[in-house]
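The values are calculated or read from the model by the stated rules, or taken from the named source; none is laboratory data. Predicted model only: the values in this text are computed from it and were never measured. Note: ideal-geometry Cβ built from the backbone for every residue, glycine included; neighbour counts use all protein chains shown.
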Amino acid sequence: MKKQFILEAIDVTFEYSDGTKALDGVNISIEKGKKTAVLGPNGVGKTTLFLHFNGILKPKSGKILYNGEEIKYNRTELTKLRKNVGIVFQNPDIQLFSASVYQEISFGPMNLGYPENIVKEKVEKAMKQMRIIDLKDKPTHFLSYGQKKSVSIADIIAMEPEVIILDEPTVYLDPKHVQEIMGLFDKLAEEEKTIILSTHDVDFAYSWADYIYVMRKGKVVAKGEPAVVFTNEKELDWSDLRKPMLLEIYEILKEKGIMNGSNIPKNIEELKKCIK
Amino acid sequence: MLIDSYSYTNRMYNVHPVEKLLFALLTMILCFEFDAYTNIAVIILMFVVTVFKAKIPARVYIKLMLIPFSFLIISILTLIINVIGDKSVALISLNIFGVTLGITEKGINTAVILFLRVLAVVSCLYFLALTTPVVDIINVLKKLKIPSLFLELLQLIYRLIFVLVEAAEEIYISQDSRLGYATLKNSYRSLGFLISSLFIKSYKDSQDLYVALEARGYNGELKVIGKDYKFCYKNIIFIILIELILISISMLLRR
């Protein structure tokens with residue numbers, strides 16, 4: 001079966017008005033229904049790239065394709081694009097503009113022009129999915145960081161986009177929240193949603209993603225399935241990343257000759273099965 | 001911040017905001033219309049409703065009522081002590097550099113009425129502020145067709161106050177932990193840094209906020225759905241009754 005790409009960046013270059021080159025000939029193809037991680041240290045243009053996917057920023061050269069069609073930058077087309085491609089921003093304090101959780105989540109669906117009763121349904125559904133029904137009547141400024149993060153994700157889920165982009169979703173979150181959010185992403189992936197996230201947590205990216213892009217200084221320096229990307233020593237050196245712990249352990253065990261099977265394990269359970 | 005947190009946690013949180021607004025405003029109008037006795041009645045009424053119905057701790061409520069006192073006492077003094085021409089109407093008078101300063105009965109009367117009226121109106125406002133979250137008030141104003149530009153500003157300002165206060169606290173703590181406020185000189189310097197970095201931060205945040213709104217399809221209007229409230233006829237009848245009682249007593253006692 002031919003791969004279907006939902007979002008593509010072709011030779012995208014972008015410069016901020018102060019002259020910093022944020023993206024330099026970026027080529028990325030996001031496969032539909034897959035979990036993609038964009039790895040790289042801070043300030044390599046991950047956020048800039050994401051803003052291109054949603055039509056907030058327009059590339060200086062190159063183009064962005066949604067479902068194989070180049071995106072157009074007029075009002076109606078952009079609204080359509082933003083319905084289908086949602087971004088959860090890194091800092092929920094900036095994304096959340098309303099003092100009421102319910103109002104906050106209703107903003108996206110309202111902008112899509114749904115009648116009020118449908119908006120209410122969508123808001124309730126998103127809150128249920130994020131397990132934040134109990135926050136419904138709480139003011140935004142009473143919430144903890146993790147709760148704010150959940151609300152900011154519900155913001156986007158309520159719009160029911162095809163693609164959900166998350167900018168550093170796991171930063172500052174406690175392990176329990178990270179676990180919960182990971183579970184949620186898996187559920188969304190089952191619903192054929194495409195998920196893209198940026199992170200510098202290599203362990204997380206390694207066991208979670210179907211496909212990985214590694215960025216450095218506005219360029220894509222490595223791409224491929226996690227096991228492929230992280231076993232290519234030369235490229236890793238180049239991109240300031242370390243090897244995932246799990247892979248490191250696997251390689252040591254393999255060297256000592258106590259490993260079964262040839263598949264590289266993706267998580268602890270798979271690793272356990274591999275050990276003789 | 002204290003008032004704000006009570007507005008979400010009090011027992012009258014779920015009462016329809018229009019009812020609360022109506023109660024506060026109607027009572028306030030009575031305070032302006034009638035004199036001392038009505039005002040005393042309103043002060044007691046608001047205390048009872050806020051403390052016993054909304055379950056705001058009496059200690060908190062009284063503390064809040066004491067806040068306007070410092071302003072009040074200064075303005076009352078200027079009302080009581082007047083420049084007077086005729087010494088005979090003065091209760092006490094004093095001659096300084098050929099100007100006669102004195103206290104008259106009329107002056108005292110005006111001062112007492114003003115004092116009670118201010119406290120009564122303030123207690124109405126406290127009732128509203130302590131029981132009704134800002135978000136609800138904005139929703140009511142929206143239904144009253146107040147221009148949306150004004151309301152959207154109000155909404156954003158209200159939300160961002162908390163973001164900004166949090167940021168200011170963080171900066172303050174980080175400065176304080178490095179002895180930024182150890183001496184007076186240090187304090188001035190640190191405060192300067194704090195204010196300037198807050199300005200820069202709020203400018204940057206405002207741009208980021210705009211981007212985040214745009215990403216969700218913002219097109220110049222903050223369209224949101226408010227909370228659903230149900231009118232309670234019992235409450236409305238209660239409000240009407242209370243106001244009628246207040247009006248009739250005031251009429252009877254009016255001199």
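Quick notes on this structure:
- Residue check, A:ALA37 assigned to a strand (DSSP E or B) and within 15 Å of the chain's Cα centre (by Cα): yes
- Selection within the stretch A:71-99 - touching a strand residue (DSSP E or B) at 6+ places or on another chain (Cβ under 7 Å), facing chain B (nearest Cβ under 9 Å) and at pLDDT 90 or above: A:VAL85, A:GLY86, A:ILE87, A:PHE89
- Residues located in the stretch B:169-196, provided they are of a type in the set (S, T, N, Q) and surrounded by 14 or more Cβ atoms within 10 Å (Cβ to Cβ): B:GLN175, B:ASN186, B:SER187, B:SER190
- Single residue of B:VAL140, B:VAL163 found to be more than 9 Å from chain A (Cβ to nearest Cβ), on the phi < 0 side of the Ramachandran plot and not charged (D, E, K, R): B:VAL140
- Test result for B:ALA41, more than 14 Å from chain A (Cβ to nearest Cβ) and either under 20 Å from B:LEU244 (Cβ atoms) or touching a residue at least 24 places away in the same chain (Cβ under 8 Å) (or both): yes
- Matching residues, the stretch A:141-186, being of a type in the set (Lys, Arg) and in contact (Cβ under 8 Å) with a residue 12 or more places away in the chain: A:LYS148, A:LYS149
- Look at (1) in contact with a helix residue (DSSP H, G or I) (Cβ under 6 Å, 6 or more places away or on another chain); (2) more than 14 Å from every other protein chain (Cβ to nearest Cβ); (3) modelled with pLDDT of 85 or more and you find that B:PHE34 fails only one, number (3).
- For A:LYS138: the one exception among (1) crowded, with 19+ Cβ neighbours inside 10 Å; (2) within 11 Å of chain B (Cβ to nearest Cβ); (3) free of Cβ contacts under 8 Å to residues at least 60 places away in the same chain: (1)
- The stretch B:84-127: number of residues that are basic (Lys, Arg) and more than 30 Å from B:MET12 (Cα to Cα): 2
- Applying the criterion of being more than 7 Å from chain A (Cβ to nearest Cβ) and not in a helix (DSSP H, G or I) to the residues of the stretch B:178-218, the residue that is farthest from A:ASP137 (Cα to Cα) is B:THR183.
- Scan the stretch A:150-184 for residues that are in a helix (DSSP H, G or I) and farther than 24 Å from A:ILE118 by Cα and the total you get is 9.
- Qualifying residue in the stretch A:223-238 (condition: of a type outside the set (D, E, K, R), over 22 Å from A:VAL85 (Cα atoms), in a strand (DSSP E or B) and at pLDDT 85 or above): yes
- Only one of the listed residues (A:GLU116, A:GLU162, A:GLU104, A:GLU124) is more than 10 Å from chain B (Cβ to nearest Cβ), modelled with pLDDT of 90 or more and under 17 Å from B:VAL224 (Cα atoms). That residue is A:GLU124.
- Out of B:LEU91, B:LEU77, sole residue that is farther than 28 Å from B:VAL163 by Cα, modelled with pLDDT under 90 and part of a helix (DSSP H, G or I): B:LEU77
- The stretch A:130-139, subset assigned to a helix (DSSP H, G or I) and in contact with a helix residue (DSSP H, G or I) (Cβ under 6 Å, 6 or more places away or on another chain), residue nearest to B:TYR158 (Cα to Cα): A:LEU135
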